[in-house]
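Report on the following structure.
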Amino acid sequence: MALKLDMSKAYDLVGWPFLEAMMLRMGFCCKVVSHIMCCVSTVTYNVTYGGKIMGPIYPGRGIRQGDPLSSYLFLVCAEGLSSLLQQYERNRWLTGCQVARGAPRVSHMLFVDDSYVYCKTNEDEAARVLQLLQVYQRTSGQQVNYAKSSIFFSNNTSVDTRQRMCEMLGMVEALDNSFYLGLPCIMGMNKNAILGFVKDKMQKKIFSWESRFLSKAGKEVLIKSVAQALPFYAISVFLLTKEIFSNLEGLMSKFWWKSQANSSSKSVSWMSWKRFCRHKYNGGIGFRDLHNYNLTFLGKRKISKKKLMYSYL
């Protein structure tokens, strides 16, 4: 099973002694650590209520959101959780996920304040996960938001086992249509049904534009800068089908040729979208071919992974 953990008020609950100890443990210079902790611990707040300024308020924990240094300091704190998980894995208290035979096991993945923890679906490893989280919460000051956390189970897990694990960990089972970082967490065989949210997002965005007051130049700017930029994150991760790209191109073509985006009257497309994707010097408008961009993004990621593998070798 996979546990999707959500930290409650991640930036506000970071303990300063834990942050200082982590930087020293990671080998930071004592002088640098002293300067960083001075920046963190000298912050004050004032509250305006009823036209009067109340304060100053001197906090005892937390790092300021929006500060350029805070994101790096939070990664330092996340190293504490990662090291604790690796220790449990070395002691064979937790069993990670193995995607194929001979592949390395992955015990966790961290995404800023959200994280995935992989373990077996049994009471022993579930109790170890609870013990690990309690140790991390006591030392770092952070708290896991169990209400927003969820559990993913494999298809061969029985219903009774799922209910028992959810009750023991105090989390809910993740739904099939759940999203994480803007993308679906569970991918099945039918990509057209799962990745239909890309089409819905573009459709809502295009239908919200009032096209009767826009010129062709204005529509061109909206399509290039907004509509075609919406699926970029999805196509950089997944290989979408041609049917999805055909639907997206149909929405953009409909917006281009219609005088009113919200009108129900059908419009005639006087030119194919493939011709629109040509360069302006070749008689087109210069719209992006999303299918080619999809292949380019995935190919670039594959090349970068190979470079990373060769750098380790």
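The values are calculated or read from the model by the stated rules, or taken from the named source; none is laboratory data. The structure displayed is predicted, hence computed values, not measured ones. Cβ placement follows ideal geometry from the backbone for every residue including glycine, while neighbour counts extend to all protein chains displayed. Just the protein is used for accessible areas: all its heavy atoms, side chains included, with ligands, DNA and RNA removed. Shrake-Rupley method; radii C 1.70, N 1.55, O 1.52, S 1.80 Å.
Odds and ends about this structure:
- Answer residue from region 83-126, given it is at pLDDT 80 or above and touching a Lys or Arg at 6+ places or on another chain (Cβ under 7 Å) and is nearest to SER70 (Cα to Cα) among those: TYR116
- Residue tally, condition in a helix (DSSP H, G or I), in contact (Cβ under 8 Å) with a residue 60 or more places away in the chain and either buried (at least 19 other Cβ atoms within 10 Å of the Cβ) or charged (D, E, K, R) (or both), over region 128-143: 3
- Test: GLU89 is open to solvent by 80 Å² or more (accessible area, probe 1.4 Å) and of a type in the set (Asp, Glu): no
- Within region 46-65, the set of residues being under 28 Å from THR139 (Cα atoms) and open to solvent by 100 Å² or more (accessible area, probe 1.4 Å) comprises TYR58, ARG61, GLN65.
- The single condition from (1) touching a Ser or Thr at 6+ places or on another chain (Cβ under 8 Å); (2) closer than 29 Å to VAL172 by Cβ that PHE111 fails is (1).
- Test: ILE206 is open to solvent by less than 30 Å² (accessible area, probe 1.4 Å) and either polar (S, T, N, Q) or at pLDDT 80 or above (or both): yes
- Test for GLY66: is it of a type in the set (Gly, Ala, Ser) and in contact with a strand residue (DSSP E or B) (Cβ under 7 Å, 6 or more places away or on another chain): no
- Qualifying position, being modelled with pLDDT under 75, among the aromatic types (Phe, Trp, Tyr), in a helix (DSSP H, G or I) and open to solvent by 90 Å² or more (accessible area, probe 1.4 Å), among TYR310, TYR233, TYR281: TYR310
- Of all residues in region 144-172 being of a type outside the set (A, V, I, L, M, F, W, C) and open to solvent by 80 Å² or more (accessible area, probe 1.4 Å), the one that is modelled with the lowest pLDDT: ASN155
- Scanning region 114-127 for any residue that is free of Cβ contacts under 8 Å to residues at least 24 places away in the same chain, of a type in the set (Lys, Arg) and either within 18 Å of MET1 (Cα to Cα) or open to solvent by 10 Å² or more (accessible area, probe 1.4 Å) (or both) turns up nothing.
- Filtering region 75-101 to residues that are in a loop (DSSP other than H, G, I, E, B) and either in contact (Cβ under 8 Å) with a residue 12 or more places away in the chain or of a type outside the set (Gly, Ala, Ser) (or both) leaves ASN91, ARG92, TRP93, LEU94, THR95, GLY96, GLN98, VAL99, ARG101.
- Residues that are open to solvent by less than 80 Å² (accessible area, probe 1.4 Å), among the hydrophobic types (A, V, I, L, M, F, W, C), modelled with pLDDT of 80 or more and within 20 Å of GLY218 (Cβ to Cβ) do not occur anywhere in region 259-270.
- Pairing residues of region 15-33 that are of a type in the set (D, E, K, R) with residues that are open to solvent by 80 Å² or more (accessible area, probe 1.4 Å), at Cβ distances under 9 Å and at least 6 apart in sequence or on separate chains, gives ARG25/GLU79.
- Subset of region 8-37 [surrounded by 15 or more Cβ atoms within 10 Å (Cβ to Cβ) and touching a Leu at 6+ places or on another chain (Cβ under 8 Å)]: VAL14, LEU19, VAL33, ILE36, MET37
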